[in-house]
Each structure stands twice: as structure tokens, then as C-alpha cells.
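Novice: Pasting a structure below so you can have a look.
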Amino acid sequence: MSRLVWYISGTRADFGLMRSTLDAISRHSDLRLGILVTGMHLDEQFGETYREIDKAGFEIVLKQPLAKMGTGGAAMAKGIAQMIDSFTDAMQRERPDLVLLLGDRGEMLAGAIAAIHLDIPVVHIHGGERSGTVDEPVRHAISKLAHIHFAATKEAAGRLKRMGERADKIHIVGAPGLVGLDKAASQPRSAIAEKAGLDPDRLIALLVYHPVLQEAGQGGQTTKTILEALASRGFQTVALMPNSDGGSEPIRAELNSRSADPNLVVATHFPREHFVSWMAAADLMIGNSSSGIIEAASFGTPVVNIGSRQHLRERNANVIDAASDDAAIQEAIDAALTLGRFPPCNVYGDGHADRRIAGLLSELTLDGVTRKSNAF
């Protein structure tokens, strides 16, 4: 009897990172895959990106939209409550063999809480990492609720052990987001620049800047500072709209206010292949996205990482950190221009996490795995 694995997806980002791994799971003869869809995927403002999951041929076992409650911290907390309620009903009804979770978002925490109370094993990917914002305690909370850990790096695995997790339940698999990167980056710079109305012979920056809950009032000003610093150095900029976390509206408003700028292209969403192609083709990636910390190094793209959102994560050599003020951002951009591209090299793995994860999900012994008291 094949194992039923449920994955929870709430954003374009997590699905893009997991797409190849979900493919590997769905193709495995001993596994069946179902996806619970929620959050930004079902919001028209963010492009209703659940359609990409449908298009990929994956089975969606639940669609849970969230009530419109704004984008502040209270809305995020109430959204988690809605998801716990809905996920619990679905899991109790269908009883998946495993619940697979990625990273540190609220929908993943909701899934862990629901599953652990139904005695369903939880597998957590990217546990043991640090970030320095509200994401970090959420990530660690999911790790403490999880029963099996698929760590991306040796350092993260060591941290999970120090947190009290059993060594035999921790497996280093690498980052799923690195799977198939070269193949996905199939669109050449000239083609994607022409499509965006930009000049491929001029400097191009990829901007992905998300809000930080504890600094929600600063996001709009930081976005303005970034855009002005890029413009002063002759960059054309391709910017993605932020996620739905608290503080996103000022960032969104700043980007929208510049819609007439011919050197700025703003998109709500890019399909994974298009986004990865921009990451590979850009002269600079800037903002605070985990893709800059994890994936961009595989292309050698220089990255300016701004602020505290990725503050304590393991870095590759291509990352230059900067505070959110104008002088720091300008200095970091200049440093990135001076250094140029880096040799592709990535501490987050070799790009084969998909087959490792699918293999482990099919082979792991689940008897007694939910009795976490054995870890202490």
C-alpha cells in the first residue's frame, strides 16, 4: 500500500521551491501526493497562483481561502487559526500517512499543529536554520512539532540536534530549491529583457523585498531607498510584489507609485522558470528574499541582502549584507558591482534533494515516530 503524503502550500514561492520534489514524490511508485492549498495562492491580488498547481497536474485535496482581515500581525495570527481548523478537519477525514512542511510560514505551523494532535507524522524541510526575525521562532516551533527532519545543511542539522531532536530522525538532503535550477533557467537574458521592454546591454537588477513584521512601518521607505540607489547607478529594475505578511501594503504602494518609470518593471508573480531565468541573467539581485541567500549562488549572481529578514542564515560567498539606510545600500551595491559574478558554488547542496526526499519518505519507519518523548 503506497503512503499518502500531504504537502501544504500557501505561496508562489514555496510551490516553486518544491515543484521538482513534488514531481519526484508523485512519480514514486510507493507514494501518493496530495496538496492542501491556502493563503496567497487563492487570493486574486496575488495572481491566484493555485492555478500553477492545477496546471502541473498535482491533486489538490483542499482549497482553504483566508478571510479578508488586512495584512497586519493580527490578521496573520487569525489566519493561522482558520487554517488549523480547516486542516484538522481534512486530516481527520482522510488520514494521510505523512504531512510534509517547508520552512517557516504560518500555514506550515498550522499544518504541524493540526497533524501532531491527530498523531500524524510531520516531516519538516529546512529546519534548524536561523533568520533573526519572527520567521525564526516559527521555524523552530515547527521543528519541535515535527517528527522527522530533512535539513538542508550540516550546520542546520547540528542545530536541530542541539535543540533536542533525535539524530536518527535528522537527514541532510540539501535545499529543494536547487533542484533543476540550470534547466529551469532556460530563458536567455536577451529574450526576457526584450519581453519586459528593457535593454539587455544595460545593467539589470532583480528586486524581491518582503516586509518584516517587527519593522512593518519601514518597508515603504526602504523600497524607495533601494529603487533610488539602483536608478542612480543606471540600473533597470525588475521587481516582484511582496508577499502578504504584515507591512506589505507600503511596499506595494511604493512600487505602484512608480508604474510610469520605463526603467522599472513590476510583476505580481513570475512562473518559476521565468523567475529563475531572471535570477541567472540579472547583474544584481537585491532585497531580502531567501532565494538570494540560497539559490542565487548556483548562478554566481551577486546579491545585496538588506535588513534583518535573513539576518542569521548561512551565506554563500556571493551575498553582501547591508542595513536598510541609504548609505549602507549604496555602499553594498557599489561593492557588488566591483566584485561582479562569482563562481557557482552553493553550501545548500548539489541539487538532488528531490530524489533523496522521495526515497526517504518511502523508506522511513513510521512505527512509534510520533512519540517524541524518546528524544529526551
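Novice: Could you list all residues from the stretch 119-139 that are closer than 21 Å to M18 by Cα and in a helix (DSSP H, G or I)?
Specialist: D135, E136, V138, R139, listed by residue number.
Novice: Go through I142, I113 for me and flag whichever is surrounded by fewer than 21 Cβ atoms within 10 Å (Cβ to Cβ), at pLDDT 95 or above and part of a helix (DSSP H, G or I). Break it down into steps so the answer makes sense when it comes.
Specialist: On the way: I142 fails: surrounded by fewer than 21 Cβ atoms within 10 Å (Cβ to Cβ).
Result: I113 is the single residue among I142, I113 that is surrounded by fewer than 21 Cβ atoms within 10 Å (Cβ to Cβ), at pLDDT 95 or above and part of a helix (DSSP H, G or I).
Novice: Out of the residues in the stretch 237-255 that are part of a helix (DSSP H, G or I) and touching a residue at least 60 places away in the same chain (Cβ under 8 Å), state the one that is farthest from V212 (Cα to Cα).
Specialist: Once the filter is applied, the top-ranked residue is E249.
Novice: Pick from G16, G79, G10: which is over 22 Å from G177 (Cβ atoms), buried (at least 18 other Cβ atoms within 10 Å of the Cβ) and not charged (D, E, K, R)?
Specialist: Selected residue: G79, the only one of G16, G79, G10 that is over 22 Å from G177 (Cβ atoms), buried (at least 18 other Cβ atoms within 10 Å of the Cβ) and not charged (D, E, K, R).
Novice: Related question: For the stretch 194-212, how many residues meet the condition of being in contact with a Gly (Cβ under 8 Å, 6 or more places away or on another chain) and of a type in the set (K, R)?
Specialist: 1
Novice: Can you run down the residue pairs with Cβ atoms below 8 Å, 6 or more apart or on separate chains, where the first is in the stretch 16-31 and touching a residue at least 24 places away in the same chain (Cβ under 8 Å) and the partner is part of a helix (DSSP H, G or I) and basic (K, R)?
Specialist: Once the first residue is touching a residue at least 24 places away in the same chain (Cβ under 8 Å) and sits in the stretch 16-31, its partners that are part of a helix (DSSP H, G or I) and basic (K, R) give G16/R272; R19/R272; A24/R355.
Novice: Report whether or not F275 is crowded, with 17+ Cβ neighbours inside 10 Å and in a helix (DSSP H, G or I).
Specialist: yes
Novice: Same structure again: Given the criterion among the basic types (K, R) and under 17 Å from the mean Cα position of the chain (by Cα), identify the matching residue among R371, R356, R309.
Specialist: R309
Novice: Would you check if I329 is aliphatic (A, V, I, L, M) and in contact (Cβ under 8 Å) with a residue 40 or more places away in the chain?
Specialist: When the stated conditions are applied, I329 passes them.
Novice: Separate question: Among the listed residues L312, L360, identify the single one that is surrounded by fewer than 17 Cβ atoms within 10 Å (Cβ to Cβ) and outside any helix (DSSP H, G or I).
Specialist: L312
Novice: Step by step: first the residues of the stretch 157-213, then only those that are assigned to a loop (DSSP other than H, G, I, E, B) and of a type in the set (A, V, I, L, M, F, W, C), then the one that is nearest to the chain's Cα centre (by Cα). Which residue is that?
Specialist: Across the stretch 157-213, the extreme among qualifying residues is A175.
The values are calculated or read from the model by the stated rules, or taken from the named source; none is laboratory data. Please read these numbers as outputs of a predicted model, since none were measured by experiment. Cβ: placed from backbone, ideal geometry, glycine included. Neighbour counts: every protein chain shown.
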